[in-house]
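Participant: Okay, handing you the structure first.
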Amino acid sequence: MIEKLSEKLARAQISHPWRFILVSLAITAICGAIAATLRVDSSYEALLPSDTPELQTADEIREITGGTRQLVIAMSGRDPEARIEFGRRLARALERLEGIRSVDLELPVEFFRERALWLLDEETLVEIIDSLELALRIHRERGDQRGLQIAASRIRDALEGGSTFLSNDGRMVSRDGLYTFMVVIPSIDFYDVEEGAALLERIERTVSDLNPGEEDIEIRYAGNLELIREQQAMITTDLRNASLLALLLGILIITVFTRRPLAPLLVGASLLAGIAWAFALTKLIFGQLNIITGFLAAVLIGLGIDFGIHLLVRYHQETMATPNDLKGATIRFVKG
């Protein structure tokens, strides 16, 4: 059955070659438009299906805590109060954006002071516990109140030393005082890199609309969201360069070994058309590539170029064959 279908297809191609070329070009153009929308997700979460328990658990934690993919906006300028005033206006504007969970500029200091014990390091907590146990043992065994007083003094010193990181006004400022920080917590999916990039663009447009330059304020971005965007751009560039390098090397190989100027065009056109078809199917079925399948273009170029070379060389061998070359060869004549 396959042999009959192949024979019919071959007959149709011989009878109507231009029709097949035009149909192939139309399909390739459609597939190329679809493949152009294919994106590479460089996050490690993209290696797993979105319905896996691990990603679902991560999303549940993100819904409760806000997750770890945060954006830090650093504002620099000579006037600290001008930075705070600009930050307040920016915070109000960012809170109205879709995909923003919260914006932190001035932290509630009293909230943290009342819960300072929760924020102490392990060494300080161990010291407080040991002091309490010693004071209680002295009071129980000797009935001496001085043990409690000593313990209270040691605990007070530990708390004062552990709360020095708290600012009086709750503002997040660099040690040299040159930067005031704002933390933006998004509500986007934990693993959606493309949505994170779109959110960053909206934030940058909002900052630009407030025109910080008029107030002599410079804005810089840091945090996980910014790092993910930079990582995404670098990986996309590397994948594109790897694919172009593979294509150029393939063209060089064809040119050197066939010594025909049209050979790279003939082989490369069909190869690129096949890659466009493959990427279009990938987009329709899977939606995106990850950091492993992102090398698909380079792999397809390396694997797919062999068939074009073999067919081209065989075609030239057949067309250049002389009657002496055909002696002894078995020729099958197809009726019609």
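The values are calculated or read from the model by the stated rules, or taken from the named source; none is laboratory data. This structure is a prediction, so every number in the text was calculated from the model and none was measured. Neighbour counts run over all protein chains shown; Cβ positions are idealised from the backbone, glycine included. We work out accessible area using only protein heavy atoms, side chains counted, and drop any ligands, DNA or RNA first. Shrake-Rupley method; radii C 1.70, N 1.55, O 1.52, S 1.80 Å.
Participant: Which residues does a label at LEU210 reach in the stretch 90-109, if reach means a backbone N under 11 Å from a point 7 Å past the Cα toward the Cβ?
Facilitator: 90-96, 104-105
Participant: For GLU54 and SER76, compute 0.36 nm times the residue count separating them, minus their Cα-Cα distance, and round to one decimal in nm. Can you show the working numbers first?
Facilitator: Numbers: separation 22, 0.36 × 22 = 7.92 nm, distance 3.94 nm.
Taking GLU54 through SER76 to full extension adds about 4.0 nm, to one decimal.
Participant: At most 10 other C-beta atoms within 10 Å and a DSSP loop state: those are the exposed trypsin sites (Lys or Arg not before Pro) I care about. Give me the longest piece of the chain that has none. It would help to have the intermediate numbers written out before the result.
Facilitator: Working: sites that count: ARG78, ARG96, ARG115, ARG175, ARG259, LYS327, ARG332, LYS335.
Of all site-free stretches, the longest is 176-258.
Participant: Further question on the same structure: For GLY223, which sequence-distant residues (separation of 5 or more, or a different chain) have an amide H within less than 5 Å of its own amide H, given hydrogens modelled in the peptide plane?
Facilitator: Correct list: VAL72.
Participant: Roughly to the nearest percent, how much of the accessible area of the chain is carbon and sulfur, given a 1.4 Å probe?
Facilitator: On the way: 13810 of 22740 Å².
About 61 percent, which is the carbon plus sulfur part of the accessible surface.
Participant: OK, next. Chymotrypsin sites (Phe, Trp or Tyr not before Pro) within the stretch 239-309: which are DSSP loop residues with at most 15 other Cβ atoms inside 10 Å? All intermediate terms of the calculation are to be shown ahead of the outcome.
Facilitator: On the way: sites: PHE257, TRP277, PHE279, PHE286, PHE295, PHE307; in loops: PHE286.
Passing sites in the stretch 239-309 are PHE286.
Participant: Per DSSP H run of n ≥ 4, the term is -39500 (n - 2.57); total these for the chain, divide by its residue number, and report the mean residue ellipticity at 222 nm rounded to 500 deg cm²/dmol.
Facilitator: On the way: 11 runs with 205 residues, N = 336.
Rounded to the nearest 500, it is -21000 deg cm²/dmol.
Participant: In addition: In whole angstrom, how far apart do the alpha carbon centroids of the stretch 261-293 and the stretch 174-233 sit?
Facilitator: 35
Participant: Determine the per residue accessible area of the stretch 1-89 with all protein chains present and a 1.4 angstrom probe, expressed in square angstrom.
Facilitator: On the way: 5960 Å² over 89 residues.
Ligands and nucleic acids excluded, the figure is 67 Å² per residue.
Participant: From the Cα gyration tensor of the stretch 1-89, with a ≥ b ≥ c the square roots of its eigenvalues, which class applies: rounded if a/c is under 1.5, or else prolate if a/b is larger than b/c, or else oblate? Mind dumping the intermediate values first?
Facilitator: Values: a/c = 7.17, a/b = 2.43, b/c = 2.95.
Because a/c hits 1.5 or more and a/b fails to exceed b/c, the stretch 1-89 counts as oblate.
Participant: Amide H of ARG171 versus every other amide H placed in the peptide plane: which residues, excluding those fewer than 5 positions away on the same chain, fall under 5 Å?
Facilitator: LEU107
Participant: Hey, if we sort VAL207, VAL23 by accessible area with the 1.4 Å probe, largest down, what's the order? The partial results should precede the final answer.
Facilitator: On the way: VAL207 5, VAL23 85 Å².
Result of the area sort, largest leading: VAL23, VAL207.
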